[in-house]
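Read through the structure below, which is laid out as structure tokens, and then see the notes.
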């Protein structure tokens, strides 16, 4: 089935699954209670719904429900993890390790921490977009209090060697935090086997509502503590004060539960469609894949089309194809992608890149349409460009 415009920007956001919407609706009207109201049935019903959602999110990442802290999304989760660790562990040290291709929610928070007296090492990535674990080890100092490496990159879909890096962190008794916003719900994650101490995720990246997310905070072996960044009623084990967004949390939980059951079949289906799209566009010539094709998410490819610029191309196809040239958070920035530049791409190739991110609604007919329409647009623009 073909729906126009064809939506291939699922890394930016995903539509709410109808079952998620159905689960949420009663908590806007009939079950409208405050989950912190412990003296009547309205509050009890809300609290019960939140508890179920906590269990559902925990199952998605192999955590204990008591380790899930609900937030407004991954940006808040990133801020709470980074600033919370920095404030809490500052007597032990002030040094953090991250990488140059992190999401802006991490990079900008690190810049803030530097202004507050912190020291941050920004590790480079190789041409495949991956961090070398040996460089993580080399960057560790006596005053290092956190290692922060994202699970999957939002622009390229490249997966980092999480277990190798977490093992290094554990060997040096340093907490390990990963922003798993793009990976959660798409590929299997197990915080125990992966050695993760803190993990951020966001509902709207896996068919849940916008404005709801979570931070996993390990409670044992080792126990991780954070300084709260919001003061108030001491909600969420004192980590995040504020009245809980019960409908959003219910939606997050339902989305997590659906993803857990569909993950493998969807990953297999989407990888086939992604590979067909990729191979077809590569036949145009002077097209290449940005990032590792071995270690990446199953639904993402990032391609550079030489002799054109992505912005005019995107404008020319906007009524037919919904694509992006990078992160939604940097779409207004005319500069070439900092992620691709960190991977060593020259400016012209970085400016000629498109990110394709497929999702549950993506059909073979849509991929065929995208290949045909995009190929024609690229051929037309190349014919008018000066090489």
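Which one, 310, 292, 361, has the greatest fluctuation when you compute a Gaussian network model over the chain with C-alpha springs under 10 angstrom?
361
In terms of the ratio Rg/(2.2 N^0.38 Å) built on C-alpha atoms, what value belongs to region 24-79?
It is 1.26.
Taking R0 as 41 Å, what's the FRET efficiency between residue 231 and residue 126 from their Cβ-Cβ distance, rounded to 0.05?
Computed FRET efficiency for residue 231 and residue 126: 0.45.
Counting DSSP beta bridges with both partners in the chain, what percentage is antiparallel, nearest 5?
For the chain, the DSSP antiparallel bridge percentage is about 55.
Suppose the chain between residue 108 and residue 318 were pulled fully straight at 0.36 nm per residue; how much longer would it get relative to their current alpha carbon spacing?
72.6 nm
For the pair residue 190 and residue 381, how long in nm is the line joining their label points, each one 7 Å along Cα→Cβ?
The two pseudo-label positions are separated by 4.3 nm.
Equivalent-ellipsoid semi-axes (√(5λ), Cα gyration tensor) for region 1-50, whole Å, largest first?
35, 11, 7
Using all Cα-Cα distances in the chain, what percent lands in each 20 angstrom bin from 0 up to the longest?
28, 55, 16, 0
Could you sort the peptides 239-250, 279-290, 70-81 by per-residue average Cβ neighbour count (10 Å cutoff), highest mean leading?
70-81, 239-250, 279-290
Order by neighbour count: 119, 202, 353, fewest other Cβ atoms within 10 Å first, most last.
Lowest to highest Cβ neighbour count: 119, 353, 202.
Compute the acute angle (0 to 90°) between the alpha-carbon long axis of helix 364-384 and the principal axis of greatest extent of the alpha-carbon atoms of the chain; round to the nearest 10°.
That works out to roughly 60 degrees.
In which sequence would 103, 95 go, from the one with the fewest C-beta neighbours within 10 Å to the one with the most?
The fewest-first ordering by Cβ neighbours comes to 95, 103.
Apply the Debye scattering formula to region 233-387, with a single equal point scatterer on each alpha-carbon and no solvent, then give log10 I(q)/I(0) at q = 0.08, 0.11, 0.16 Å⁻¹.
For region 233-387 at q = 0.08, 0.11, 0.16 Å⁻¹, log10 I(q)/I(0) is -0.31, -0.55, -0.95.
Would you kindly state how much longer the chain becomes between residue 173 and residue 282 on full extension, computed as 0.36 nm times their sequence separation minus their alpha carbon distance, in nm to one decimal?
34.7 nm
Let me have the 222 nm mean residue ellipticity of the chain computed from DSSP H runs of 4+ only, each contributing -39500 (n - 2.57), with the sum over all residues rounded to the nearest 500.
When only DSSP H runs of four or more count, the value is -12500 deg cm²/dmol.
Quick one: if the Förster radius is 41 Å, what FRET efficiency do residue 365 and residue 143 give, using the C-beta to C-beta distance and rounding to 0.05?
Approximately 0.15, to the nearest 0.05.
Just to be sure I understand the model, the point goes 7 Å from the Cα along the line to the Cβ. What's the resulting residue 220 to residue 100 distance in nm?
So the two model labels end up 4.2 nm from each other.
Going by C-beta contacts inside 10 Å, put 151, 369 in order with the fewest on the left.
369, 151
Distance from a point 7 Å along Cα→Cβ of residue 42 to each backbone N in region 228-257: keep the residues under 17 Å and list them by number.
Under cut-off, by backbone N: 243-247.
Grab the eigenvalues of the alpha-carbon gyration tensor for region 221-281, scale each by 5, take roots, and send me the semi-axes largest first in whole angstrom.
Taking √(5λ) for each eigenvalue gives 39, 16, 13 Å, largest first.
Read-outs: derived from the displayed coordinates by stated rules, not from any lab. If you're wondering where the values come from, they're calculated on a predicted model, not measured in any experiment. Cβ atoms come from the backbone with ideal geometry, glycine included; neighbour counts cover every protein chain shown.
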